[in-house]
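Inspection log for the structure reproduced underneath, given as structure tokens.
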Amino acid sequence: STELKEIVFIIQSQSNSFHSKKAEDLKRDILKQAAGLGKELPTVLLIHQMDGHEGAWTILPLMRDFSVTYGKNSSWIFFCEEDTRIQVVKLLETLGRFDKSKEWFLGKALYDEESTIIHHYAFAENPTVFKFPDFAAGWALSIPLVNKLAKKLKSEPLKSDFTIDLKHEIALYIWQKGEGPPLTPVPEFCTDDVSSYKVDHCATTFSNFLPLCGEPVKKEDVFVAVKTCRKFHGDRIPVVKQTWEREAALIEYYSDYADVSIPTIDLGIPNTDRGHCGKTFAILERFLNHSSPRTPWLVIVDDDTLISIFRLRKLLSCYDPNEPVFLGERYGYGLGTGGYSYITGGGGMVFSRIAVQKLLASKCRCYSMDAPDDMVLGMCFSGLGIPITHSPLFHQARPMDYPKGYLSHQIPVSFHKHWNIDPVKVYFTWLAPNTEESLNGKKVEYSREDL
């Protein structure tokens with residue numbers, strides 16, 4: 001059987017004060033449960049405190065350290081999110097069922113219903129065959145597997161490209177086209193809410209659908225900037241007006257053409273087919289110089305972003321606007337070899353005013369007008385030592401691009417893109433304020449299964 005001291009707990013934490021406090025609370029809870037068992041205490045580490053790795057959150061760059069430090073005296077590395085709740089006794093029992101001398105990759109299995117762009121259309125013939133872990137339920141690697149991965153990473157460094165969906169990419173890396181172990185689904189790793197009747201058999205549960213820390217921030221505290229261009233005035237802007245525009249007290253549309261009927265504001269930046277860096281920096285300058293200095297939050301979205309401002313206001317109640325906050329869905333670029341993290345633009349980028357001030361006070365700017373704005377911002381904030389804050393509630397793609405099991409423990413804040421969907425229907429099903437109750441099992445206007 002597994003001893004508690006043979007488990008190394010890794011909390012996938014973040015340095016923003018709201019998140020680091022939650023991770024510290026979880027660490028305390030694990031150690032308190034362990035002490036109550038009168039056992040030797042396990043090691044509990046917070047990923048954001050592992051210095052020297054801008055890419056520590058992508059986990060694979062840490063494997064060599066794990067192997068060197070824990071490869072001799074430990075049996076398991078157990079990863080979890082700050083909102084994962086752990087029943088330590090049950091976890092010990094669960095891990096004890098597996099032979100720790102073998103290579104194991106354990107988790108709650110997710111899979112794609114159809115092939116999707118965020119997974120580069122992997123397994124296009126039958127995407128359901130490939131399983132990857134839902135991080136919210138916790139996941140585990142046996143030490144023999146950690147040692148094997150460390151060895152592989154030593155001989156073949158990680159390819160320095162994009163990190164888009166970490167859980168899928170880690171599973172692919174471990175699987176090694178069939179040479180490594182696939183994910184073994186563990187029914188005791190759960191994402192049911194702590195209070196659910198189903199949780200008796202669970203070693204882990206998951207508590208947080210949408211954080212709320214006191215009153216939602218006021219409507220007038222969120223300035224919304226919509227990036228558009230003349231060719232989309234006719235088809236994309238009407239969708240915004242039919243859906244979420246009424247939730248925003250302060251909203252402006254920025255285009256390459258001033259159209260009084262919307263109205264759009266011409267920032268004097270010609271439209272580019274891609275990148276939009278020039279336009280985004282012009283929006284940041286305008287926010288700083290023309291909006292009320294009392295408005296603490298700026299959100300920049302695309303004209304085909306669907307967003308719940310109502311939920312965003314709840315989420316922002318958890319963040320301190322006096323800290324430089326840059327919030328959204330985190331991607332990574334070149335993190336195996338330096339690189340940086342960035343907030344992907346389509347899901348919406350949220351800035352505290354102080355973050356915008358620090359950014360514009362620096363000399364960091366676009367290297368060309370059509371550079372990718374989100375990546376340039378990531379590079380700039382990384383250079384300033386301002387961390388990216390990730391929230392899984394922002395989505396760069398459409399609901400159908402994510403596994404149902406993954407979305408089932410979220411109250412999403414945004415989705416992006418209008419391809420092959422009815423965006424108005426998606427908004428009213430997934431994001432409209434009146435769907436809030438539907439997540440507690442009450443009826444909702446549309447069935448999510450259709451989308």
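Which of the following residues is open to solvent by 10 Å² or more (accessible area, probe 1.4 Å) and touching a Gly at 6+ places or on another chain (Cβ under 6 Å): L166, L158, L210? On inspection, the qualifying residue turns out to be L158. Residue count for the range 47-90 satisfying the condition of being acidic (D, E) and open to solvent by less than 70 Å² (accessible area, probe 1.4 Å): 3. Of all residues in the range 296-312, those that are in a loop (DSSP other than H, G, I, E, B), in contact with a Leu (Cβ under 9 Å, 6 or more places away or on another chain) and open to solvent by 10 Å² or more (accessible area, probe 1.4 Å) total 1. When the range 194-240 is filtered for residues that are of a type outside the set (V, I, T), under 26 Å from F18 (Cβ atoms) and free of Cβ contacts under 8 Å to residues at least 60 places away in the same chain, the ones remaining, listed by number, are S195, S196.
Grab the strands (runs of 3 or more DSSP E) fully contained in the range 41-130, keeping just those with 3 or more residues being farther than 16 Å from S13 by Cβ and at pLDDT 95 or above. Output list reads 105-107. Pairs meeting the criteria (first residue in the range 125-153 and among the aromatic types (F, W, Y), second residue assigned to a loop (DSSP other than H, G, I, E, B), beta carbons under 6 Å, at least 6 apart or on different chains) are F130/F123; F135/E81. Name the single residue, out of those in the range 231-287 being assigned to a loop (DSSP other than H, G, I, E, B) and of a type in the set (S, T, N, Q), that is least open to solvent (accessible area, probe 1.4 Å). Filtering first and then ranking leaves T243. Of the residues that sit in the range 346-384 and are polar (S, T, N, Q) and part of a helix (DSSP H, G or I), which one is nearest to H395 (Cα to Cα)? So the residue we want is S382. Consider the range 196-207 and keep the residues that are at pLDDT below 95 and not small (G, A, S). The one that is surrounded by the fewest Cβ atoms within 10 Å (Cβ to Cβ) is Y197.
If you go through the range 256-277 and pick out every residue that is in contact with a Pro (Cβ under 8 Å, 6 or more places away or on another chain) and either over 26 Å from T344 (Cβ atoms) or modelled with pLDDT of 95 or more (or both), you end up with 1.
Looking only at residues in the range 94-121 that are surrounded by 15 or more Cβ atoms within 10 Å (Cβ to Cβ) and among the aliphatic types (A, V, I, L, M), the one that is farthest from T204 (Cα to Cα) is I118.
The values are calculated or read from the model by the stated rules, or taken from the named source; none is laboratory data. As the structure is a computational prediction, the values presented were derived from the model and not from experiment. Note that each Cβ is placed from the backbone with ideal geometry, even for glycine, and that neighbours are counted across all protein chains shown. Areas reflect the complete protein model, heavy atoms only, side chains present, ligands, DNA and RNA absent. Shrake-Rupley method; radii C 1.70, N 1.55, O 1.52, S 1.80 Å.
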